[in-house]
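First up is the structure itself, then whatever we jot down about it.
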2 protein chains.
Amino acid sequence: MSPVIDGLQYANWSEKIFREMRAGGVDAVHATITYHENFRETVLNIEAWNRHFERHPDLIFQGFTADDITLARGTGRTAIFFGSQNPSCIEDDIGLVEVLHRLGLRFMQLTYNNQSLLATGCYEDDDTGLTRMGREVVAEMNRVGLVVDMSHSGERSTLEAIDHSTRPIAITHANPAAWHAALRNKSDTVLRALTGTGGMLGFSIYPHHLKNGGACTLNEFCEMIARAADRYGVESLGIGSDLCQDQPDSIVEWMRTGRWTKRIDYGEGSADAPGFPPMPDWFNGNADMANLTTGLRDIGFSKDDTAALMGGNWARFFRDSFGRAV
Amino acid sequence: MSPVIDGLQYANWSEKIFREMRAGGVDAVHATITYHENFRETVLNIEAWNRHFERHPDLIFQGFTADDITLARGTGRTAIFFGSQNPSCIEDDIGLVEVLHRLGLRFMQLTYNNQSLLATGCYEDDDTGLTRMGREVVAEMNRVGLVVDMSHSGERSTLEAIDHSTRPIAITHANPAAWHAALRNKSDTVLRALTGTGGMLGFSIYPHHLKNGGACTLNEFCEMIARAADRYGVESLGIGSDLCQDQPDSIVEWMRTGRWTKRIDYGEGSADAPGFPPMPDWFNGNADMANLTTGLRDIGFSKDDTAALMGGNWARFFRDSFGRAV
């Protein structure tokens, strides 16, 4: 049987959520462990994860290779794969790419909305593409097996990352802009370049990325996936729910502002609605994962294609991506 | 055939030395990667090692488990196992024990001559034994598989570490004080407690630990080992040469003073002889490792006991020590 894998979550991790992952049959999750944190602060976050792993060995463990997906299924647990949504964790030090990979980091975004040392975020006015350091870091990520994730990057930077990377990259959590025009959703040009080079797109259920926001129906969401499968091929697609389960609104403010501004930045929100947007009623947490399977079957996906979308494709991508370049 | 393992070196690592390791048939080395460095600085040292591993994959690679000794022999390379001579690398953060173990740290001294957050060094006037944090850290080191090394610790601290640790510990580089009275050499009480609990002693060739210093003959050195084997059993003994090959004298000053004093501290040296002491003519570097085998055979050790002393015992200890507690 094919595993169930969520290509991105940033929950307020707790035993409750780990139990819901089991209830939802989630075999593996790419979990964001850091945004704006520097290296030492990222290590503190890893230490906090180590405490989760030590306290709940019956529910979760850290995933390092694709074999851990199989181990998770075989032992009724969820494998947690680490990722970073910003390159702050490597500071200005390319040597930290290999160090963080050794500590289990498996995805790293080159930018989070803003310009970084590596590339341009999707909220900047001008996208200048990969920087000098950005090209070096992508090559190093390719070498050690750390996946380039361009979910929050600008168009030109994303295209240059796809072009420069010698291994397929990922957009772990976004939707086609043609379906819902949001700064965070991706153009047809990007999605063709991504999927044409073996890269993966994870469909986001974060309401700002959905047509009609939280009112988007399961059927509409799955219809979007069906049209993307027609256009880009089902094998390049998965789920990256962007689920921020049980997070307080203070966290979305941290995600948006970090330490780069003293002012409020509302990001995809607004002064009227600064907090996390309400989720669709068909996806409030990990326990609802089976609803996606039902929705995909109802829209007409075969059993095999549904399994591929729910995790089989991510499993293949994990297997091809997390080891040293050969 | 049994492997050749050196239980401690702190060389000025270079391609030249890596080639000498091959010439000397050294299959594995416990290499000191850090003394007084904090966590971030230790990570910088790991990054420098990663560059060595990337540049010289035909000569060396990082060792993580005892299987890597076999891999080293099978591929004609030397496995480098990381160690720290002081707990500065974990700062005041017990969570860094697991993080550094993940990065490959396999030995950590609880002290380097001075009082640390964990225990008392062998140069302090009063040894108060394991601190509150010391007891917690030893338990955590036991859990993850990071070996407690008491080479530079005081008598009481060493005995308490042996007693408190639920797994055998090591004194990777020291000699019996009964043979040569030096602050760094170990009492019969310590050596009985160490070896009586499955711990390992690595014999040091650092001249300050030798009778007659650099003038100590190979025969005298091997005679000391023979008497120790009579007293403590050959199975608890190995080599821990403390070789500081190609290091400039500025390094021994750093080892002794770190950042804890603004004055000069001569440690085992003196104002008249502040630098590294001259090595015995039978052990100037890794290429001389075979001289030890010859010396041990000449003093009367059997072929099997010689193999055990030259690395077989360390290999068994590595196998029992580097994994999670069961």
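Structure notes:
- Applying the Karplus relation 6.51 cos²θ - 1.76 cosθ + 1.60 with θ = phi - 60° to segment A:294-304 yields 3J(HN,Hα) values of 4, x, 5, 5, 5, 6, x, 5, 5, 4, 5 Hz, where x marks Gly and Pro.
- Percentage relative contact order, segment A:5-321, counting C-alpha pairs under 8 Å, at least six apart: 19 percent
- Sorted shortest first, the separations between the B:Ile251 label point and its copies elsewhere in the assembly read 4.7 nm; each point sits 7 Å from Cα along the Cα-to-Cβ line.
- Taken across both chains, chains A and B shield about 1700 Å² of accessible surface from a 1.4 Å probe.
- Over the protein assembly as shown, accessible surface divided per residue gives 37 Å², non-protein components excluded, 1.4 Å probe.
- Inter-copy spacing of A:Arg40 label points, which lie 7 Å from Cα along Cα→Cβ, given in nm from shortest upward: 0.5
- For A:Gln109, distant residues with modelled amide H under 5 Å away: A:Ser84, A:Gln85, A:Asn86, A:Asp149
- With every protein chain in place, the protein assembly as shown: carbon and sulfur % of accessible area (1.4 Å): 50 percent
- Solvent-accessible area of B:Trp260 with every protein chain in place, 1.4 Å probe, in Å² to the nearest 10: 120 Å²
- For segment B:150-162, Karplus couplings with θ = phi - 60° (6.51, -1.76, 1.60), whole Hz, Gly/Pro x: 10, 4, 9, 9, x, 4, 5, 4, 5, 5, 5, 5, 4
- Amide hydrogen proximity for A:Thr78: with H placed 1.01 Å from N in the peptide plane, the residues at 5 or more positions away or on another chain lying under 5 Å are A:Ile60, A:Phe61.
- Largest first, the residues B:Leu71, B:Leu292, A:Leu183 sort by 1.4 Å accessible area into A:Leu183, B:Leu71, B:Leu292.
- Take A:Ala178, push a point 7 Å out from Cα through the beta-carbon direction, and compare it with the same point in every other copy: 8.4 nm, smallest first.
- The accessible area of A:Asp93, taken with all protein chains in place and a 1.4 Å probe, comes to roughly 20 Å².
- Amide H to amide H distances under 5 Å link A:Met200 with A:Ile169, A:Ala170, A:Ile171, where only residues 5 or more positions off or on other chains count and H is placed in the peptide plane.
- Distance from the alpha carbon centroid of segment A:68-88 to that of segment A:128-207 works out to 21 angstrom.
- Solvent-accessible area lost in complex, 10 Å² minimum, residues of segment A:99-113 relative to chain alone, 1.4 Å: A:Val99, A:Arg102, A:Leu103
- Phi angles of segment A:130-142 translate, via the Karplus equation with coefficients 6.51, -1.76, 1.60 and θ = phi - 60°, into HN-Hα couplings of 5, 7, 4, 5, x, 5, 5, 5, 4, 4, 5, 4, 4 Hz per residue; Gly and Pro are given as x.
- Cβ-Cβ FRET estimate between A:Ala290 and A:Tyr266, R0 fixed at 41 Å, reported to 0.05: 0.75
The values are calculated or read from the model by the stated rules, or taken from the named source; none is laboratory data. These figures come from a predicted structure and were not determined experimentally. Cβ coordinates were reconstructed from backbone atoms using ideal geometry, including for glycine residues, and neighbour counts include every protein chain displayed. The accessibility values were calculated without ligands, DNA or RNA, using every heavy atom of the protein model including side chains. Shrake-Rupley method; radii C 1.70, N 1.55, O 1.52, S 1.80 Å.
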